[in-house]
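What follows is one structure encoded as structure tokens, with my remarks underneath.
The values are calculated or read from the model by the stated rules, or taken from the named source; none is laboratory data. All of these numbers come straight from a predicted model, not from anything done at the bench. Here the Cβ positions follow ideal geometry from the backbone for every residue, glycine too, while neighbour counts run over all protein chains shown. We work out accessible area using only protein heavy atoms, side chains counted, and drop any ligands, DNA or RNA first. Shrake-Rupley method; radii C 1.70, N 1.55, O 1.52, S 1.80 Å.
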Amino acid sequence: MTSQELLLLGVLASSLLPGLVIFMLPDAWVGVRSFLNLLGATVKLGLVVVLLVGVAGGEAYSVRYEVLPGLELALKADTLGMLFITLSAILWLFTTLYAIGYLEDAPHRSRFFGFFSLCVTATMGIAMAANLFTFFIFYELLTLSTFPLVVHRGTDKAMKGGTVYLLYTLIGGTALLTGIVWLHHLLGHTEFAQGGIAAALGPQYAGQLKIIFLLLIAGVGVKAAIVPLHGWLPQAMVAPAPVSALLHAVAVVKAGAFGIVRIIYEVYGVEFAQSLQLLYPLAILAAVTILWGSLRALFQDDLKKRLAYSTVSQVSYIVLGLAMFGPIGTIGGLVHLVHQGIMKVTLFFCAGNYAETLGIHKVSEMDGAGRRMPLTTLAFSIGALGMMGAPLTAGAISKAWLSDGAAAAGMDWAIWVLWTSSLLNAAYFLPILWRAWVRPIPAAWPEEHIAARGWRETAWLLLLPPLATAMMTLAAGVFAQSPGSPLAWAKLIAEREYRPAALATPSAPEE
């Protein structure tokens with residue numbers, strides 16, 4: 001086995017092996033479990049850095065195992081996959097730190113962290129899948145490993161939310177499998193390839209390919225929370241805060257969005273998808289989801305549900321960018337895959353801090369929270385301003401490229417969708433900030449669990465992750481033009497998906 005193959009397998013094993021060991025540990029073995037969690041997350045991040053440098057330098061990484069004649073379990077590392085792999089590896093480290101602090105006294109911690117590790121293993125497998133068969137295997141493993149996390153608390157409400165989540169995702173998985181089997185029957189394989197593989201079929205298959213596209217997009221669209229397939233996401237907010245962060249920023253919804261990227265660019269090919277008139281309807285659906293999610297968020301008093309509907313809206317920014325036929329929109333969509341992740345994980349970390357420290361679960365309970373927890377609220381404010389597209393934040397970069405992409409593609413209506421969504425973002429985030437920073441501190445908090453100790457407003461393992469990801473939100477905006485930034489990597493992907501000459505046609509925005 002070559003070093004390239006070992007590196008790919010190591011990225012999977014660095015979370016899989018610690019997770020299997022953690023399952024067998026008694027709950028009381030806190031130190032051993034925390035060590036294994038952090039060791040796995042640190043080793044994975046180190047391996048991903050090596051992989052990232054290799055892919056940037058033109059190295060080829062792949063490993064294949066034949067399951068049946070003509071059916072392979074295959075992994076690869078390419079520029080597109082590395083965008084998702086790197087995001088997941090970085091955020092998993094911070095989410096692991098946060099989860100260790102959040103679940104310090106909770107029951108069933110070994111079970112939680114075991115499935116937590118399996119979830120990240122599945123996410124890495126999705127990112128490195130070299131064909132639709134491998135993608136499907138890890139996609140369903142992600143469903144099965146996240147279900148126990150959603151129902152972790154074991155309450156009736158948790159079981160109901162988990163059942164809804166499982167029902168949606170299994171139906172989506174059935175649609176995805178149907179599309180994969182149908183495409184494999186027509187082509188004889190389902191390999192991902194730059195420029196797509198579906199165009200190899202003649203025009204007589206156009207009708208079937210449109211139906212297959214619908215099945216594939218519906219299958220991954222469930223996890224991407226595209227309307228009307230989004231109903232599971234608000235229900236899943238019964239999960240603990242680390243799981244919510246995992247669902248929204250690291251794994252599940254990102255896996256759905258990433259699947260849409262693979263289908264458009266490496267199964268159908270963007271030019272072939274455009275010739276079949278598949279992209280414009282997808283853009284319309286994304287626009288409806290953006291506005292619907294923003295409107296629903298506006299009327300949620302539960303803080304996590306407000307953030308959940310915000311995710312419904314924000315993830316479809318990615319889909320809208322991908323559905324714009326042009327490199328500028330592609331760059332905007334791809335970079336938002338990263339930017340939305342770091343902004344949203346910050347917001348869920350902070351929501352968890354409010355709940356765990358003061359018992360705050362509702363927007364109406366946020367009065368004075370910024371004075372009691374200034375560092376947490378500073379991080380929340382940065383994440384919220386980023387979601388609104390405020391200057392110097394990651395969100396400003398995403399929205400600038402998406403707006404320019406819409407103009408370049410002749411989709412001026414999409415610019416209005418983006419602006420309307422930004423105004424709605426402000427309408428549901430600014431009242432939270434007003435309450436937290438300006439309103440007076442109440443006589444008593446709903447349920448204070450952790451007393452303030454000087455500058456330590458809460459446990460340090462709960463405080464450091466949101467501060468770090470908030471700084472990443474600012475860094476991604478301020479240093480967007482730096483080599484190695486998410487924007488630079490998204491440009492590299494677009495260069496390989498579109499003809500180089502196409503990149504010079506519209507003037508790309510600098511910010």
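Quick notes on this structure:
- Residue identified as within 18 Å of the chain's Cα centre (by Cα), of a type in the set (A, V, I, L, M) and open to solvent by 10 Å² or more (accessible area, probe 1.4 Å) among Val338, Val345: Val338
- Set Gly352, Gly359: member being in contact with a Pro (Cβ under 8 Å, 6 or more places away or on another chain) and either open to solvent by 20 Å² or more (accessible area, probe 1.4 Å) or at positive phi (or both): Gly359
- Hits in region 181-193 - residues which are open to solvent by 10 Å² or more (accessible area, probe 1.4 Å) and either out of contact with any helix residue (DSSP H, G or I) (no Cβ under 6 Å at 6 or more places or on another chain) or aliphatic (A, V, I, L, M) (or both): Val181, His184, His185, Leu186, Leu187, Gly188, His189, Glu191, Ala193
- Candidate set from region 160-180 (those that are touching a Ser or Thr at 6+ places or on another chain (Cβ under 9 Å) and among the β-branched types (Val, Ile, Thr)); member that is surrounded by the most Cβ atoms within 10 Å (Cβ to Cβ): Thr169
- Annotation: of all residues in region 471-511 being at pLDDT below 50 and closer than 21 Å to Ala323 by Cβ, the one that is surrounded by the most Cβ atoms within 10 Å (Cβ to Cβ) is Ala508.
- Verdict on Gly101 being over 18 Å from the mean Cα position of the chain (by Cα), in a helix (DSSP H, G or I) and either closer than 18 Å to Val253 by Cα or basic (Lys, Arg) (or both): no
- Matching helices (runs of 4 or more DSSP H) fully within region 362-446 where at least 1 residues are open to solvent by less than 40 Å² (accessible area, probe 1.4 Å) and touching a His at 6+ places or on another chain (Cβ under 6 Å): 394-408
- Taken as a whole, the condition of being open to solvent by 10 Å² or more (accessible area, probe 1.4 Å), in a loop (DSSP other than H, G, I, E, B), in contact (Cβ under 8 Å) with a residue 12 or more places away in the chain and more than 22 Å from Phe147 (Cβ to Cβ) does not apply to Gln277.
- Total residues in region 183-214, condition part of a helix (DSSP H, G or I) and more than 30 Å from Ala60 (Cβ to Cβ): 9
- Output for region 6-35, where each listed residue is part of a helix (DSSP H, G or I) and open to solvent by 30 Å² or more (accessible area, probe 1.4 Å): Leu6, Leu9, Ala13, Leu16, Leu17, Leu20, Val21, Phe23, Val30, Gly31, Val32, Phe35
- Conditions (1) closer than 18 Å to Leu298 by Cβ; (2) touching a residue at least 24 places away in the same chain (Cβ under 8 Å); number of the one not met by Trp419: (2)
- Residue within region 230-242 that is open to solvent by 10 Å² or more (accessible area, probe 1.4 Å), assigned to a loop (DSSP other than H, G, I, E, B) and without any contact (Cβ under 8 Å) to a residue 60 or more places away in the chain present: no
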